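Note sheet for the following structure.
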Amino acid sequence: MFSELEMRPADPILGLTVKFKADSNPNKIDLGPGIYKDEAGNTPVLECVKAAEQFRVDQENSKAYINSAGSALFNERITALNLGEHRVIAENRIRTISTPGGTGSLRIAGELIRTTKPGATIWVSNPTWANHQGVFTAAGLNVKTYPYYDYENKCLDFDAMVEALKQVPADDAVLIHACCHNPSGMDLSREQWQEVAELARDVGFFPVVDMAYQGFGDGLEEDAYGVRLMADVVDEMILCSSCSKNFGLYRDRIGACSVIGKSAEQADIINSVLMPVVRTNYSMPPAHGAAIVETVLGSEELTTQWHGELKEMRDRIGGMRQLLVDKLVENGVTRDFSFITRQKGMFSFLGIDKDQVQRLQDEFSIYVVGSSRISIAAIAPSNVDYLAQSIAKVL
Ligand code: LMR
């Protein structure tokens, strides 16, 4: 069976952590995967999550199967968190299922699209999360790209994006990041969202919105502005969301896939197609993370606590953006890195070349994705001087 197999390269993001762990340099920094770290370099379990877990331990009385859609309570509460009091909920046009993380949601979305339209194409931003291409290809979709980030000027290439989206054939899917664009940190403004939503409606492409970082940009409500607007303007779309980052539930694998149809009847039909997609994949989603999230969101006290903890993470990342830029200046770097403070969420591109990325790793034990994407969430006052000095040296 396996004798013809050849070694494949490690995952461009996850492979870095393997190298990082094996590195004995005490100054090493892992700026690879998007995992929030506090000032001490730890990724602690949120206090609200601990409390919800304790509550579940005391209350849970069965581990029997739920069903392919997962917990109905989680599905209802995550939909309200993502979409607020949106009319698609009142109109009964949305069906949400729990999924194994945001990646599981994207895979299910891809398979639903392929099942509906075999041979369909999905357009993703250039650049996009390194795993999007693989997930959608594995789901049986063709993947194409539209321009997004202007590497030269470190901003959005919105005109080129619009021109490309105008050419997308009707019924092709287009993936759009809801907020905290991964990997560039460059988000659409409200006016730009309006334009893209109207394009989706007029051109007729099918929006798939990926919201993996709600609460890490400007706030829970602010970060959901674009997806809510899109759901207002178009009749049909998919929202893939994740609780990995905002609830810190990375390894518990909980996310959601919400499909919006033209009518309640159509939503039921879509749901009936969605269920076997799940059933033939993993049968049912894991329940633990969903139980935690539904417990937090079902308690006013825990929700308030969660808002505070999320704000702390968001503010710390924002502070580190500014501190890194200041430290680069302090270390004599003349190149303008101020764009980092204008970007949102966990990531930005440093904008250095592949050799410089490699030198950071080889000479300074600083691990950065090959595209020069850095996870700002791993920077702390204790490592920022070393980081800025090292960047200054490779520049
Ligand atoms: C990232 O982009 O680093 C995160 O989404 C983690 C992952 O799974 O790649």
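Taking a straight Cα-Cα cut-off under 20 Å and skipping sequence neighbours fewer than 8 places away in the same chain, the lysines within cross-link reach of LYS166 are LYS144. May I ask which of LYS37/LYS354; LYS19/LYS117; LYS28/LYS354 have a Cα-Cα span longer than 30 Å here? The answer is LYS19/LYS117. The fewest-to-most ranking of HIS181, HIS288, HIS132 by surrounding Cβ atoms within 10 Å reads HIS288, HIS132, HIS181. Placing +1 on the Cβ of every Lys and Arg and -1 on the Cβ of every Asp and Glu, with no other charges, gives region 314-395 a dipole of roughly 340 debye about its Cα centre.
Amide H contacts of MET237 (H built 1.01 Å from N, in plane; Pro and chain starts excluded): ILE260 sit under 5 Å, all sequence-distant by 5 or more or on other chains.
Under the rule a/c < 1.5 gives rounded, and otherwise a/b versus b/c splits prolate from oblate, where does region 145-235 land using the Cα gyration tensor? In terms of gyration-tensor shape, oblate. A protection proxy built from the mean count of other Cβ atoms within 10 Å ranks the segments 55-66, 350-361, most packed first, as 350-361, 55-66. As a proxy for reagent exposure, ASP172, ASP315, ASP38 were ordered by neighbouring Cβ count within 10 angstrom, fewest first; the result is ASP315, ASP38, ASP172. For the chain, a crude dipole built from +1 on the beta carbon of Lys and Arg and -1 on the beta carbon of Asp and Glu, taken about the Cα centre, is about 820 debye to the nearest 20.
The separation of region 358-395 from region 12-86, counted between C-alpha centres, amounts to 25 Å. Basic side chains Lys and Arg get +1 at the Cβ, acidic Asp and Glu get -1 at the Cβ, and with that the dipole of region 1-148 about its Cα centre reaches some 460 debye. For ASN126, the residues whose amide H sits under 5 Å from its own are TYR146, TYR148, TYR149, ignoring neighbours fewer than 5 places away on the same chain, with H placed 1.01 Å from N. By the Cα gyration tensor, region 65-298 has an equivalent ellipsoid whose semi-axes, rounded to whole angstrom, run 26, 20, 17 from largest to smallest. Taking a ≥ b ≥ c as the square roots of the eigenvalues of the alpha carbon gyration tensor, region 1-84 is oblate, as a/c is not under 1.5 and a/b does not beat b/c.
Only the coordinates and a few stated rules stand behind these numbers; no lab work does. As the structure is a computational prediction, the values presented were derived from the model and not from experiment. No Cβ is skipped: glycine too gets one built from the backbone with ideal geometry, and neighbour counts run over all protein chains shown.
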